[in-house]
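These notes concern the structure reproduced below.
The values are calculated or read from the model by the stated rules, or taken from the named source; none is laboratory data. From a predicted model like this one, the values you see are computed outputs, not experimental measurements. Remember, those area values only see protein heavy atoms, side chains included, never the ligands or the DNA or RNA. Shrake-Rupley method; radii C 1.70, N 1.55, O 1.52, S 1.80 Å.
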Amino acid sequence: MVEQHKEKEATPFLIRDAQFVISAVRHDQYPQEPWPEVALAGRSNVGKSSLINRLCNRRHLAKTSSKPGKTQTINFYRINNNCHLIDLPGYGYASVSKTQRATWGPMMETYMKKREQLRAVLQLVDLRHPPSSDDKAMHAWLNHYEIATAVIATKADKIPRGKRSAHLAVIRRDLQVPKEIPILAFSAETGEGKEDVLDLLAYLWEERDEEMLISVDAVPEE
């Protein structure tokens, strides 16, 4: 888990330049720059591409689709010429063939377990619904391999403000997120939560001493 960072920077973090780099399926296709990376993981249609576009102020930087399961590669985006944001294939869509799903699993596992530049994974879940079995499995997998993780609850604009705390509590309970770890609510539609997510990304990208910044907590036993 990614611990809550101590203080916000005096100047808000800005993504000044964002460029698509490559859609990779193999390790030898990954960019060679030793820049820090943060990856986005989540169910198909949870809003990873929309989050990227909103954060980068680019409407079509990451391709969005009404058809879940569209992202079938590991997509690298160069941010401010000194770090990468990674869009991993969406998981959990039944209409995607078993063959495709069997390919995506090892592809994502290779990236997340072997990529030295990876600082953390931001797991996106839909605020409207309790975490799915796939969400729970992904979260448990990330914790098992001690990959620093934070949770972003997307589509916050679909839930009235007075009811959001209850939905966030369900996500926290079902994913067993420790109470000291924040879960960020985000809306690509309205931009709500954008500054919080950017602040978290800056915190992960800009530091190099992981012992100072990131602690990985085991999933607490029930």
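Can you tell me which of Gln72, Gln32 is open to solvent by 60 Å² or more (accessible area, probe 1.4 Å), assigned to a loop (DSSP other than H, G, I, E, B), more than 22 Å from Glu192 (Cα to Cα) and at pLDDT below 90?
Gln72
Restricting the search to the stretch 105-135, which residues are open to solvent by less than 20 Å² (accessible area, probe 1.4 Å) and part of a helix (DSSP H, G or I)?
Met107, Met108, Tyr111, Met112, Asp135
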